[in-house]
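Trainee: First, the structure itself, so that you have it in front of you.
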Amino acid sequence: MQAPAEEKLFSDKQAQMNILAFWFLIGAEVVVFGCLFGIYVSVQELTANGPGPKELFNLSEIIISTIVLLSSSFTCALGVYTLKLGKKRMTFIWFLLTISLGIGFVFLEVIEFVAYVGEGATISTSAFLGAFYMLLGTHGAHVIFGVVWISMLLIQLVLFGITKDTAPKLFIASLYWHFIDVIWVFIFTVVYLLGKV
Amino acid sequence: MKKENDHLTKLSIMFVTMIILTLIAFYLVSSDWISTNVLPYVLLFFAVIQVVIQLVLFMDIKEKEGRYRITSVVGGGFIALLTIFFLALLKM
């Protein structure tokens, strides 16, 4: 059977509009995270005798979760690549790998937060920690939402195959996933790396 | 088929580049190779490179009605930068 060509899968006017509308959502999300980053940067030094970024963060743990999330972004890109070629099985495997890495990332983050709280660094300890948990928590919630979303799309993929309906949906979810990764690159740089400088 | 393989190679190279940039950034922070005055800008520059890779290669920001996509992200980024700037003024 001839694999459906890329132009055919995404040629629907509706699909085009949906993808564009999702870019507008991403623009709005940039503002949301921009506000959270702004708050974090401005209250960073207000540690109220609690632990500051230098004492709290352990970079070697963070580098693992960074590589996990970067890899999930790569498997997601491979998923879109096989999706455009119309290979249902490989698409399923790549996206499954993506959400598995996403779950791994959330797992690492939960371990990290539990350790911080164990050291007495809770959300109400200082302005710095409040902003920190707000920023990281919002990002983590986005990852969890992405995992749930892609899982549901994978069920659709198994049931209906790669069609004009399911292909744009998976593509849009992949945009969301890459966006989560973009935010993480900034969190890694601004919160963790610059916190250590 | 050749064109498709090219795309796959490009994705892989860029992925490796991102991992290497992350590791370099990590190394620069652990060592005191670059003075702490300059280091934040170097790290932010690395972050921007990675984000451009994500947006252009993985997310196809330039495709077809490309200008609307870039406009929405750059517009959001502009408002975000203004917010960060004015919140940073509070520190002074």
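The values are calculated or read from the model by the stated rules, or taken from the named source; none is laboratory data. What you see is a predicted model; the values in this text were computed from it and never measured. Cβ atoms come from the backbone with ideal geometry, glycine included; neighbour counts cover every protein chain shown. For the accessible areas, the whole protein counts, side chains as well, though only heavy atoms, and no ligand, DNA or RNA atoms are used. Shrake-Rupley method; radii C 1.70, N 1.55, O 1.52, S 1.80 Å.
Trainee: Can you pull out every residue in the stretch A:64-93 that is free of Cβ contacts under 8 Å to residues at least 24 places away in the same chain, surrounded by fewer than 19 Cβ atoms within 10 Å (Cβ to Cβ) and within 21 Å of residue A:139 (Cβ to Cβ)?
Mentor: Within the stretch A:64-93, just A:67 meets the criteria.
Trainee: Residue by residue through the stretch A:49-63, note down the ones that are more than 9 Å from chain B (Cβ to nearest Cβ) and open to solvent by less than 60 Å² (accessible area, probe 1.4 Å).
Mentor: Passing the criteria: A:50, A:51, A:52, A:53, A:56, A:57.
Trainee: Looking only at the stretch B:1-18, which residues are modelled with pLDDT of 85 or more and open to solvent by 30 Å² or more (accessible area, probe 1.4 Å)?
Mentor: Correct list: B:8, B:9, B:10, B:12, B:13, B:14, B:15, B:16, B:17.
Trainee: Which residues, taken from the stretch B:21-54, are more than 7 Å from chain A (Cβ to nearest Cβ) and either under 20 Å from residue A:76 (Cβ atoms) or among the acidic types (Asp, Glu) (or both)?
Mentor: B:21, B:32, B:49, B:52, B:53
Trainee: Please go through (1) assigned to a helix (DSSP H, G or I); (2) facing chain B (nearest Cβ under 10 Å) for residue A:46 and return the number of the only condition it doesn't satisfy.
Mentor: (1)
Trainee: Using beta carbons and a limit of 7 Å, which pairs, at least six apart or on different chains, have the first residue in the stretch B:55-77 and more than 17 Å from residue A:25 (Cβ to Cβ) and the second one open to solvent by 20 Å² or more (accessible area, probe 1.4 Å) and modelled with pLDDT of 80 or more?
Mentor: Final answer for the pair search is B:57/B:10; B:57/B:14; B:62/B:56.
Trainee: Here's another thing I want to ask about it. Which one of these does residue A:34 not meet: (1) outside any loop (DSSP other than H, G, I, E, B); (2) facing chain B (nearest Cβ under 9 Å); (3) in contact (Cβ under 8 Å) with a residue 40 or more places away in the chain?
Mentor: The failed condition is (3).
Trainee: To continue, here is another question. Taking into account only those residues within the stretch B:58-87 that are part of a helix (DSSP H, G or I) and open to solvent by less than 30 Å² (accessible area, probe 1.4 Å), which is farthest from the other protein chains (Cβ to nearest Cβ)?
Mentor: Per the criteria, the residue is B:66.
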